[in-house]
Amino acid sequence: MDLKRALQQLQAKAPEGASAAGPVASQQPKAPLIEVFHSVQGEGRFVGMPMTFLRTATCPLRCLYCDTPNSYQAPGRFPVRLGARELQEPNPVAAERAAELVRQVANAAAPGLQKPRVSVTGGEPLVFPEFVREFGRQVRGKGFRLHLETAAIDADALAKCVDQVDHLSADYKLPETLGAPVKPELVLATGAHYGAQHRRCWEIALKRGATVDVKIVLTDKVGDASLELALEQLDSVRDKILLVLQPVTPFGAATRPVPRLDLERYLALAVRRQFDVRVLPQVHKQLQIP
């Protein structure tokens with residue numbers, strides 16, 4: 001599995017200006033977006049906190065529990081939700097323009113909010129690291145703190161933009177929760193996992209001084225051995241992260257919730273290893289927000 005080469009190929013197919021390649025990207029990095037909106041859905045330790053969200057298009061993985069399949073391919077225009085109003089912006093969008101849209105959305109939804117935050121999510125934002133870096137520079141110059149939500153499988157891409165990341169929300173993908181990826185190079189061999197790639201991402205973010213949450217999505221297909229292996233991989237950063245166990249909200253191929261007794265057992269495994277752990281389901285469906 002040549003993960004780096006597969007992600008480079010995916011980046012090379014991004015819209016003009018969104019790729020790491022070429023002079024246009026270096027002057028005015030762009031990315032295809034799905035939406036910009038304000039919400040209290042949060043992520044990890046920030047659930048319930050008012051925050052603006054910028055969702056990028058394109059993802060190299062196909063998680064069986066994914067509830068944003070609309071993010072796999074960018075539309076020609078994307079919605080920007082300004083309170084009761086909605087703008088339609090053309091794709092791809094330059095980082096400077098994206099930062100201005102985030103400022104407008106935040107001001108419309110929560111004027112006067114102290115310490116505003118913006119979450120860059122996806123899709124997979126690290127397909128466009130130059131965009132994330134320049135967007136971070138622009139939006140942090142407006143007083144925002146930048147959160148990055150990622151599958152954490154491309155440490156080289158994270159290294160390109162981590163200097164603008166204040167908080168990293170990194171997935172740990174359990175093999176039972178993954179479908180067939182878009183590239184054969186990303187297919188995991190039987191018994192394999194993305195642990196090494198995940199670990200490099202945590203280390204890069206922690207070295208930068210960012211706070212780090214690691215999220216493990218749990219489905220009814222997850223086995224104890226798989227979770228135990230993930231916890232073993234996380235042990236070296238146990239005292240530096242918040243571990244989030246996220247029982248899946250049924251959607252798509254994930255048709256059933258995690259049985260209560262299984263969830264209690266998974267929590268006990270994490271507590272026994274002395275993680276600072278939270279059990280947090282996805283809240284946006286319950287709150288009827290994006």
Sorted by chain and number, the residues with a modelled amide H under 5 Å from that of residue 218, at a separation of 5 or more or across chains, are 246, 248
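Report the gain in length on full extension from residue 263 to residue 137: 0.36 nm times residue separation, minus Cα-Cα distance, nm rounded to one decimal. Mind dumping the intermediate values first?
Details: separation 126, 0.36 × 126 = 45.36 nm, distance 3.98 nm.
The span from residue 263 to residue 137 would gain 41.4 nm if fully extended.
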Helix 224-234 sits off the longest principal axis of the Cα atoms of the chain, rounded to the nearest 10 on a 0 to 90 degree scale, by 60 degrees
Residue-ordered couplings for region 155-165, obtained by feeding phi - 60° into the Karplus form 6.51 cos²θ - 1.76 cosθ + 1.60 and rounding to whole Hz (Gly and Pro as x), are 5, 5, 5, 4, 4, 6, 10, 5, 5, 9, 9
The helix 95-109 Cα axis meets the longest alpha-carbon principal axis of the chain at an angle in degrees, between 0 and 90 and rounded to 10, of 80 degrees
Percent antiparallel among DSSP beta bridges confined to region 3-215, nearest 5, equals 45 percent
Length-normalised contact order of the chain, Cα under 8 Å, at least 6 apart, in percent, tallies to 17 percent
Relative to the chain, whose Cα atoms define the longest principal axis, helix 260-272 and its Cα axis are tilted in degrees, nearest 10, by 90 degrees
With the 8 Å Cα cutoff and a minimum separation of six or more residues, region 151-290 has a relative contact order in percent of 24 percent
Highest GNM mean-square fluctuation among 154, 220, 239, for the chain with Cα springs under 10 Å, belongs to 239
The long-range amide H neighbours of residue 93, using H built 1.01 Å from N in the peptide plane and a cut-off of under 5 Å, are 31, 33
Across region 3-215, qualifying lysine pairs (alpha carbons under 18 Å, at least 8 places apart or different chains) come out at 11
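Could you give the size of the charge dipole of the chain about its Cα centre, using +1 on the Cβ of each K and R and -1 on the Cβ of each D and E, expressed in debye and rounded to the nearest 20?
500 debye
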Of 135, 251, 78, the most mobile residue in a GNM of the chain (C-alpha springs, cutoff 10 Å) is 251
What helix-only [θ] at 222 nm does the chain give? Using -39500 (n - 2.57) per DSSP H run of at least 4, over all residues, to the nearest 500, the answer is -9000 deg cm²/dmol
Extension length gain for residue 40 and residue 192 (0.36 nm per residue less Cα distance), in nm, is 51.2 nm
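Read-outs throughout are calculated quantities, based only on the coordinates presented, and are distinct from any laboratory measurement. Source: prediction; values computed, not measured. Virtual Cβ from ideal backbone geometry, glycine too; neighbours counted across all protein chains shown.
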